[in-house]
There are 2 protein chains.
Amino acid sequence: MAMAVPKLRFAPPQILAIGYAVLVLLGTLLLRLPAANHTGQPLPLIDAFFTATSAVCVTGLVVVDTGTFFNAFGQTVIIVLIQIGGLGFMTMATLFALVFQRRLSLRDRLLLQEAMNQGSVEGIVRLIRRVIYYSLAIEAVGALLFAIRLAFDMPLGRALYFGIFHSVSFFNNAGFDIFGDFRSLTDYADDPVMNLVSVGLIVSGGLGFIVLSDLADYRHKKKLSMHSKVVLSTTGLLILFGAVIILLFEWGNPGTLGGMDWGGRLWGALLQSVTPRTAGINSVDLTQLHQATHFLLLILMFIGASPGSTGGGIKTTTFAVTIGAMIAMMRGHEDVVFFRQRLARERILKALTIILLALALVIGVAMLLSATEGHDFMVVLFETTSAFGTVGLSLGLTPELSTFGKIMIALTMFAGRVGLLTLVYALKPRKTSEKFRYPEGKIIIG
Amino acid sequence: MAMAVPKLRFAPPQILAIGYAVLVLLGTLLLRLPAANHTGQPLPLIDAFFTATSAVCVTGLVVVDTGTFFNAFGQTVIIVLIQIGGLGFMTMATLFALVFQRRLSLRDRLLLQEAMNQGSVEGIVRLIRRVIYYSLAIEAVGALLFAIRLAFDMPLGRALYFGIFHSVSFFNNAGFDIFGDFRSLTDYADDPVMNLVSVGLIVSGGLGFIVLSDLADYRHKKKLSMHSKVVLSTTGLLILFGAVIILLFEWGNPGTLGGMDWGGRLWGALLQSVTPRTAGINSVDLTQLHQATHFLLLILMFIGASPGSTGGGIKTTTFAVTIGAMIAMMRGHEDVVFFRQRLARERILKALTIILLALALVIGVAMLLSATEGHDFMVVLFETTSAFGTVGLSLGLTPELSTFGKIMIALTMFAGRVGLLTLVYALKPRKTSEKFRYPEGKIIIG
Ligand SMILES: [K+]
Ligand SMILES: [K+]
């Protein structure tokens, strides 16, 4: 007896893309209100749209200064958009589903699977519940620590407000700050507490909920999945590698690390190594960095955070698989092996294709903007990569963008957040059934 | 009864790499001689080494002006190095083998297979004989046409000398010119004969001998291999695409195409679209191009010519396979299909890996040089890509390089010419036998 499965009107990738789009529209309307800022004038539509997209996509590129332009209401709208965008509107939807109907339909589970990029349906509900729990718990701890430190510099109520805003923003790798005047963390460049809490929030938010969940289970299971091992080791190596290179390049640069004592230099190198993947805050003046350091940040922004996390980019696992494939090819090995487990060919192909697809998008948009915005190519490439990786680091181009430039960067953020493959599937959902395969041909490579 | 196969002392990739290295050393010694230039002083060792590497690797990046610094002897050394380097010392070795011993050993055939990047051993000797025949024939036609055109501007003997030099240089995609003062083809920017002959030589040299041979057989066979079809269509599309974009970006630029009539603009766009893959001559002032055009040239240089050709880069087929893999992934297809034939998974993996390996090399070297040479990052990246693709286009950095910079660029040219994979195999020839495979693990990508 065949079961009658109801036909979906939209495929999961389409619902995902539409969900983010609806959130952006809602945010645009709210941020446009005169009541959302100190001037009492409505924010131009394009700027409201850009800010909402930046918040929902947890990017942090801004055209107006969050701290000085928006009032408490506007900032609250932004931080709520960040929280929803970061946890993913799917997670929020599940929360309501759990509360109101206790059990999920198969369709809901399939949607969740797409959103969380999880391999199996089972355990998804448990994972979602944990997502909410961990996120709020980590954000609460971060907010408290920030508030205690900031209470030395401002009234307690304001310190608590700042603590909550920045804890949510940093854990969700959103990169928004309300310190004012596009300052980000520069006032606290050598402050151990601010640096440590920021790095802790950013890194734990960027590991991805699957890894966090796996880590929480470690006490019982006494083992980690290969995925978690790859994420943790890649994250660690990238942070170390980035910090060392930044220290080398910037040690004697008076505009950045050169003016600090060795403690400040270490904190500066660590924060600037962590933040491009893909938090987007900064504690030194980015425009003063060497061009080689700019390019290092570009690479780190492109790599980004880990799958199922609040961060963007091509993801650490994609990067690790690519490096693994290169090493395997150079050594003449047939398989890519991580921690005594080999990867399926399809996974490797997917990783390599994602990288090249992302490269094509970033370079294409940068070339277009270079022609329309007339800025230095590296600055345009930096801003485009920052948007694609939902990073939010800027060399100053974003506030000067033309309307066309703002739309392009907003769309790039959207593509980076929703995910290139999801977006492509959303636009072209119908899978053609391949009834026969063509014979194999020969071609000479390289 | 098992046959006793004699053990090779060097693996084919090692012999290839060593062969090129010996040629470079020989060239260095000859170009260093005071008799090779007009000054009567010996050229500094590093500059002789750089010029020899540039000639053997058919790159065309120069630290001294070929036309005004070297005398006829020096220029002859350079053009001979280009001819040997271009045809490949392996092809030359075969020539001698054919002349002196008539039959090739299995070992020689395996070496040839590596050098020509040919899939099967059979037909290699026939191919090599054709390589020599076609090359000389095409070069002779080119030299004659150049000489006839140049005879209007200079004495006949000089026109013939110029014709031969530039025909050999252009067919081998070497990019060396003796017009003087780093002028390249700028004096003939809107000259139909010089443009047409140059484009013809560059493109036919860049198609690769396998395609040329396939084209020659077309009269009998009435069909082309998939390899040839892919090479021809990719080459055509890249030239068209490049020319259109250059026309768009540079139409109104008074420093480049803007100052010409529409005929000159078309020739200029065509030549500048053809030359980055990977001839390296230029008919407009490259430093005057828009930055977006620089980046387009960067991409074309990176792609380069076709396998088994005189040109460098990652090769047109590698690029085509990558694009095919991206499209297949986006459309949810399992196979990459060209002209009704599918590609083996291994080929696709190889293509994607080569691209990323090349990217890693180019970006790594550019970051290093950006730190040591202190120039604009785009200029450094342009010069590094030009070296890797054995292109020879320059934004002016090469003559100003430090000794360290010259060595790095020379090594990059060498890696680009010998081929990254060949070089890696040469350094690490021992293939480990994989007696067992690890179990398959799960990882989440993208
Ligand atoms: K961000
Ligand atoms: K060349």
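Annotations for the structure displayed:
- Residue list for region A:320-337, filter: facing another protein chain (nearest Cβ under 7 Å), within 17 Å of B:Leu356 (Cβ to Cβ) and hydrophobic (A, V, I, L, M, F, W, C): A:Val321, A:Ala325, A:Met326, A:Met329, A:Met330
- Residues located in region B:294-310, provided they are open to solvent by 10 Å² or more (accessible area, probe 1.4 Å) and at pLDDT 90 or above: B:Leu298, B:Ile299, B:Phe302
- Within region B:319-332, the presence of at least one residue that is open to solvent by 40 Å² or more (accessible area, probe 1.4 Å), modelled with pLDDT of 85 or more, among the aromatic types (Phe, Trp, Tyr) and out of contact with any Pro (no Cβ under 6 Å at 6 or more places or on another chain) is confirmed.
- Unique residue being over 13 Å from A:Phe162 (Cβ atoms) and touching a Gly at 6+ places or on another chain (Cβ under 9 Å) when the list is A:Phe176, A:Phe182: A:Phe182
- Cβ-Cβ under 7 Å pairs, at least 6 apart or on other chains, region A:180-200 side under 23 Å from A:Asp65 (Cα atoms), far side part of a helix (DSSP H, G or I) and charged (D, E, K, R): A:Met194/A:Arg149
- Breaking point among (1) open to solvent by 10 Å² or more (accessible area, probe 1.4 Å); (2) within 14 Å of ligand 1 (Cβ to nearest atom), for A:Trp262: (2)
- Residue that is nearest to the chain's Cα centre (by Cα), among those in region B:370-386 that are farther than 19 Å from B:Gln272 by Cβ and among the aliphatic types (A, V, I, L, M): B:Val380
- Residue check, A:Phe319 more than 16 Å from ligand 1 (Cβ to nearest atom) and aromatic (Phe, Trp, Tyr): yes
- Among the residues making up region B:363-407, a single one is acidic (Asp, Glu) and within 15 Å of ligand 2 (Cβ to nearest atom): B:Glu383.
- Residue count, region A:45-72 (criterion: within 16 Å of ligand 1 (Cβ to nearest atom), in contact with a Phe, Trp or Tyr (Cβ under 6 Å, 6 or more places away or on another chain) and among the small types (Gly, Ala, Ser)): 1
- Among all residues of region B:31-50, there is at least one that is within 26 Å of B:Thr384 (Cβ to Cβ) and within 17 Å of the chain's Cα centre (by Cα).
- Matching residues in region B:339-362 - criterion: being closer than 17 Å to A:Ile323 by Cα and either crowded, with 21+ Cβ neighbours inside 10 Å or within 7 Å of chain A (Cβ to nearest Cβ) (or both): B:Ile348, B:Leu349, B:Lys350, B:Ala351, B:Leu352, B:Thr353, B:Ile354, B:Ile355, B:Leu356, B:Leu357, B:Ala358, B:Val362
- Test for B:Gly27: is it open to solvent by less than 40 Å² (accessible area, probe 1.4 Å) and in contact with a Lys or Arg (Cβ under 9 Å, 6 or more places away or on another chain): no
- Remark: pairs (first residue in region A:384-402, on the phi > 0 side of the Ramachandran plot; second residue open to solvent by 30 Å² or more (accessible area, probe 1.4 Å) and within 11 Å of ligand 1 (Cβ to nearest atom); Cβ separation under 7 Å; 6+ apart in sequence or on different chains) = A:Thr390/A:Arg417.
- Taken over region B:9-35, residues that are modelled with pLDDT of 80 or more and not in a helix (DSSP H, G or I) amount to 1.
- Filtered residue count, region B:43-90, keeping only those that are away from ligand 2 (no atom under 13 Å from the Cβ), closer than 23 Å to B:Ile18 by Cβ and assigned to a loop (DSSP other than H, G, I, E, B): 1
- For region B:166-188, a residue qualifies if it is away from ligand 2 (no atom under 14 Å from the Cβ) and crowded, with 23+ Cβ neighbours inside 10 Å, and exactly one does: B:Ser167.
- Yes/no for A:Leu381 being open to solvent by 20 Å² or more (accessible area, probe 1.4 Å) and touching a residue at least 40 places away in the same chain (Cβ under 8 Å): no
- So A:Ile148, is it part of a helix (DSSP H, G or I), at pLDDT 90 or above and within 14 Å of chain B (Cβ to nearest Cβ): no
The values are calculated or read from the model by the stated rules, or taken from the named source; none is laboratory data. Everything quoted here is computed from the prediction, not taken from an experiment. Don't worry about glycine lacking a Cβ; one is built from the backbone with ideal geometry, like all the others, and counts go over all protein chains shown. Surface accessibility is based on the protein's heavy atoms, side chains included, excluding ligands, DNA and RNA. Shrake-Rupley method; radii C 1.70, N 1.55, O 1.52, S 1.80 Å.
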